[in-house]
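A short reminder: the numbers here are calculations on the coordinates, not readings from a lab. Bear in mind that the values here come from a model prediction, so they are computed numbers and not experimental data. Neighbour counts are summed over all protein chains in view; Cβ atoms, including those assigned to glycine, are modelled from backbone coordinates with ideal geometry.
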Amino acid sequence: MRIEDALRLAVEADLDLVEVAPMAKPPVCKLMDFGKFKYEAAQKERESRRNQTHTIIKQMKLRPKIDQHDYETKKGHVERFLKAGDKVKITSCSVGASKVDLSWAYAFLVALLKM
């Protein structure tokens, strides 16, 4: 169809002539209400953003000389974070001589995994 005929049809139907595939041979055009198309695309984009989940990573630090009560408190926090659906990152902080033997960190992590 010639461009002039397509433009005439678009004006008669009160629509826009939109080029869909400009690189095709021959180029492909479509009659549509372009304002409505842009509005619906924006609505879909807004809806997809609304349905996204925001992941929060909570961090808990463990030190080698931690009291049993403090350990239980931190363990309770980790359980609460996981039940709420958050991800938890556990960091072992070792200073000085405790850097040599990290078996305490492994023991803490194993105990947390058994909860």
**Q.** Amide H within-cut-off set for ILE90, under 5 Å, with H built and near neighbours excluded
**A.** MET60
**Q.** Total formal charge among the other residues, if their Cβ is under 12 angstrom from that of ALA107, Lys/Arg +1 and Asp/Glu -1
**A.** 0
Q. Applying the Karplus parametrisation 6.51 cos²θ - 1.76 cosθ + 1.60 with θ = phi - 60° to the phi angles of the range 29-34, what ³J(HN,Hα) value in whole Hz is obtained for each residue in order, glycine and proline being reported as x?
A. 10, 9, 8, 7, 8, 5
Q) What list of ³J(HN,Hα) couplings, whole Hz, do you get for the range 77-92 from phi and the Karplus terms 6.51, -1.76, 1.60, once you set θ to phi - 60° and write x for glycine and proline? A) 4, 4, 4, 5, 4, 5, 5, 6, x, 8, 8, 10, 10, 9, 10, 9
**Q.** Largest-first ellipsoid semi-axes for the chain, taking √(5λ) over the Cα gyration tensor eigenvalues, angstrom
**A.** 66, 17, 9
Q.
Taking θ = phi - 60°, what integer Hz values does the Karplus form 6.51 cos²θ - 1.76 cosθ + 1.60 yield along the range 36-42, in sequence order, with x for Gly and Pro?
A. 5, 4, 5, 4, 5, 5, 5
Q: Binning at 5 Å from 0, report for the range 3-50 what percent of all alpha-carbon pair distances ends up in each bin.
A: 5, 20, 19, 19, 16, 11, 7, 3, 1
